[in-house]
Each structure stands twice: as C-alpha cells, then as structure tokens.
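The values are calculated or read from the model by the stated rules, or taken from the named source; none is laboratory data. These numbers come from a predicted model, not from an experiment. Positions of Cβ are generated from backbone atoms using ideal geometry, with glycine treated the same way; all protein chains shown enter the neighbour counts. Keep in mind that these areas ignore ligands, DNA and RNA; they rest on the heavy atoms of the full protein, side chains included. Shrake-Rupley method; radii C 1.70, N 1.55, O 1.52, S 1.80 Å.
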Amino acid sequence: MAGSGSLPTGFGELEVLAVGTVLLVEALAGLCLNSLTILSFCKTPELRTPTHLLVLSLALADTGISLNALVAATSSLLRVSHRRWPYGSEGCQAHGFQGFVASLASICSSAAIAWGRYHHYCTRSQLAWNTAISLVICVWLSSAFWAALPLLGWGHYDYEPLGTCCTLDYSRVDRNFISFLFTMAFFNFFLPLFITLISYRLMEQKLRKTGHLQVNTTLPARTLLFGWGPYALLYLYATVADVSSISPRLQMVPALIAKTVPTINAINYAVGSEMVHRGIWQCLSPQRSELDRAR
C-alpha cells in the first residue's frame, strides 16, 4: 500500500494534502512550545527541581511525538506527488519505534507528574531527587521496552491507512497480536490513566479541605483520556472484531487527535505554570532576565 504508485484506498489527493497540513501544524506547534519549555529548564536555575524534572521528561517525550508528526507530515505532502512512503520498510520500523517510545513516555510522564503533585500537595514535602530520577528512568526504560517488543516479534509496526506514517499494527487478528494489543493497552494507557485520576482526585479532596485548590485537577486526566483514548479504543476493538470494518478515514482520526497532545501538555504544564512561564519569558527576553536578577 505505502509503496505503490497510487493513492491509498479511500483517500483523494485533497484529503492526503489536508492530513499532511494538519500534521505539519500540530508538529510545529508542539516543537515550538516544548522546545521553549526544555530551553527554559536548561537556562533557568529556579526550575531545576525534582518536580520540574518530571515536567522536563514530559516535554522531551512530547518533542519526540512532534518530530514523529513532522516526519508523517513530510511524507504526507510527498505522497501527493511521489505516491509512496519515501523512507522504505526499515524507515517505517524506525518511525514506528520512535513514535511509540515517545507516546508511551508521554503517557507515563503525565502519570508520574500526577503522582508527584499528589505527593507534594498531600504530604507538604518536596519530591526527593532520587525519587524523581528513578521515576524518569523507569518511564523511559519501560517505554523503550514495550516499543522494542514489536521489533522482536510480539506485535508489529506497519503503515497507517494513509500510508504516510507507521505505528503499531492493529489490523492482524492472530493470537500473538491480539495478546500484545490487549496487554499494551492495559499497562500503558488504562493503568497510567487510573494513577492520574486517583492522584488528582485525592489531591483535590485534600486541597478542598484546606481551602487551597490551586491547581487544575481535571485537565491532565482529560488530556490523557481524550488524547490517547481513541487509540486505546481502536486497539481494544481490534482484539474483538475486524478493524477493516472501520473506514480508513475514521482510522486516521486517533492519530490526528494524539498529535495535538504535545501542544496541550505544553500549555497545561509549561505556559500555564507561573514559574515555567517566567523561565520561558526569561529565555525569550534575556535583557529582561538580567534586569530581574540585578534587582
């Protein structure tokens, strides 16, 4: 499909161009905002705390998702003229692996941030450096482990219906792929979502008792649910029914929704945080930063 000289089934040139344009906008927005977040962490000493290390991990993961979307956008625009995936089968496997690592790291980093905030607000104690570093290492090692399994034979990476990006194949119906999809969806979506919901729920109860509800306790969980939920539902549907019954256009919707998560996370955790926002402003206005330090 991806290597043929014709457009993929169910798509016209205008639709391929539209998807490529949407992916390009999502990729550039996510890259700009998350790059600013990472830069602010590197240049602002006040942000170098264990709690913000978790946010940095999320920004790095979301940058990876945006880079993955940029490759998909480029191949979508090239597909209109060249009618093929330009990077070959090995490029497809690499693209799928990189995108899966970044996606899982983003989901798990969001859960780690939720737990970190619960720990901070409910115990009134700062997160220790060794705890934060251990969480970040676990997040990335776990993500790399799950993303490597399809390369080793449990699961498989293949082209998405449009043929312009590669992801975990959910179209096969044998027991090997069904078991991987079900296990992956449980441990890498539903479990992090549960941790996020419980952490923010307990934190909200604690803060309401003290009369200091200072953080948004619903947006992070909603971002996980609505950003990655369509993918999880698609994977679960593939374990019980033939996914080919879903139109190719509809199968592309979860990918387009998921690529908006880096931008939403950057707004929620960076632009929406007074301290991180101040760090970003200092990076953009070095003269203002020097003046503030002089004062």
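When restricted to residues that are at pLDDT 65 or above, small (Gly, Ala, Ser) and over 22 Å from residue 169 (Cβ atoms), the stretch 1-19 contains 2.
With 185, 258 as the choices, which residue is touching a residue at least 24 places away in the same chain (Cβ under 8 Å), surrounded by 19 or more Cβ atoms within 10 Å (Cβ to Cβ) and touching a Gly at 6+ places or on another chain (Cβ under 7 Å)? Criteria check complete, one pass: 258. Scanning the stretch 86-120 for residues that are at pLDDT below 85 and either within 23 Å of the chain's Cα centre (by Cα) or open to solvent by 40 Å² or more (accessible area, probe 1.4 Å) (or both) returns 86, 87, 120. Only a single item in (1) free of Cβ contacts under 8 Å to residues at least 40 places away in the same chain; (2) within 30 Å of residue 207 (Cα to Cα) is not met by residue 118, and it is number (1). State whether one or more residues within the stretch 150-162 are touching a residue at least 12 places away in the same chain (Cβ under 8 Å) and assigned to a helix (DSSP H, G or I). The answer is yes; a qualifying residue exists.
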